[in-house]
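Read-outs: derived from the displayed coordinates by stated rules, not from any lab. In this text, all values refer to a predicted model and were calculated from it rather than measured experimentally. Note that each Cβ is placed from the backbone with ideal geometry, even for glycine, and that neighbours are counted across all protein chains shown.
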Amino acid sequence: MQQSYITELLRKPAWMLFLCSWLFYLIGLFLFSQLVWDSNTYMPGFKGANFDEYLSNIRRIDMVRYALSPLYIIGISAVVWILIKSGLIISRIEFDNKLLFKIVFLGLIFISLPFWVKTIWLILFSGNYTPDDVKFFFPGSIVPFLDISDMRETMINTLAHINLYHLSFMLFIAWQLSANSGLRFFNSLLLVGSTYGLGIVLLRCIILVILM
């Protein structure tokens with residue numbers, strides 16, 4: 001039943017799936033930045049004289065993030081598409097280019113989930129939290145199981161990318177590659193892991209080296 005539902009979605013125009021993925025990301029980002037990072041969250045860490053001006057500047061930055069969010073989704077989708085398409089070409093597997101983009105657009109919903117999960121948890125279940133609680137709150141990652149007291153923030157953020165959202169994204173892409181080609185699921189998962197998965201690891205390592 002799930003595959004038939006996904007198949008129906010993949011028959012929709014690519015722009016429609018992009019719109020769904022982008023709106024899901026944008027709404028999650030908006031809720032997180034406005035409800036979680038509200039004035040009460042920013043106030044404890046403020047050291048200046050004019051908090052209203054400071055908060056206004058923060059909101060301007062938020063507006064820029066909202067405006068650039070479509071480019072973010074397009075950019076991430078293009079990078080993922082190139083990585084996976086390269087793996088398909090190397091493996092000599094034919095796969096429709098537009099269909100691959102549609103699959104990536106749908107899969108990016110998993111990548112956007114942290115904004116939603118953090119907002120729902122902190123607002124509905126936590127209630128009281130500090131800026132540090134927000135910055136170092138990584139539900140679904142391996143971070144809560146580690147002792148991060150002596151770790152640098154860059155290392156914590158790097159480890160936070162080992163999470164259920166990226167894993168779900170990879171599993172979804174592999175599932176749809178297998179369902180729409182002659183590949184077995186295990187082989188599809190290996191392909192996604194050796195392209196997208198390896199790409200994420202290399203990118204985070206490069207960022208970690210630069211920021212250390």
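Observations on the structure shown:
- Here the relative contact order of region 2-211, from alpha carbon pairs under 8 Å that lie six or more residues apart, stands at 26 percent.
- Only helices reaching 18 angstrom along their own axis (Cα) with mean Kyte-Doolittle hydropathy no lower than -1.0 count here, and for the DSSP H runs of the chain these are 14-31, 51-90, 97-120, 164-179, 198-211.
- Label-to-label distance for SER168 and LEU99 is 2.5 nm, based on points extended 7 Å past Cα in the beta-carbon direction.
- For the peptides 98-104, 48-54, residues were scored by their other Cβ atoms within 10 Å and the scores averaged per peptide; the highest-first order is 98-104, 48-54.
- For region 1-142, the alpha carbon positions stretch 61, 30, 27 Å along the principal axes, listed from largest to smallest.
- Scoring 63-72, 138-147 by mean Cβ neighbours within 10 Å over their residues and listing the highest first yields 138-147, 63-72.
- Ordering of 201-209, 170-178 by packing is 170-178, 201-209, highest average first (other Cβ atoms within 10 Å, averaged per residue).
- Karplus-derived 3J(HN,Hα), 6.51/-1.76/1.60, for each residue of region 142-153, Hz, glycine and proline x: 7, 4, x, 9, 10, 8, 9, 4, 9, 8, 6, 4
- Straight-distance candidates among the lysines for linking to LYS85, with alpha-carbon spacing under 17 Å and chain neighbours fewer than 8 residues away dropped: LYS98, LYS102.
- Spatially proximal aspartates and glutamates relative to LYS135 (Cα-Cα < 20 Å; intrachain offsets below 8 disregarded): ASP38, ASP62, ASP147, ASP150, GLU153
- Distance from region 171-194 to region 92-158 (C-alpha centre basis), Å: 23 Å
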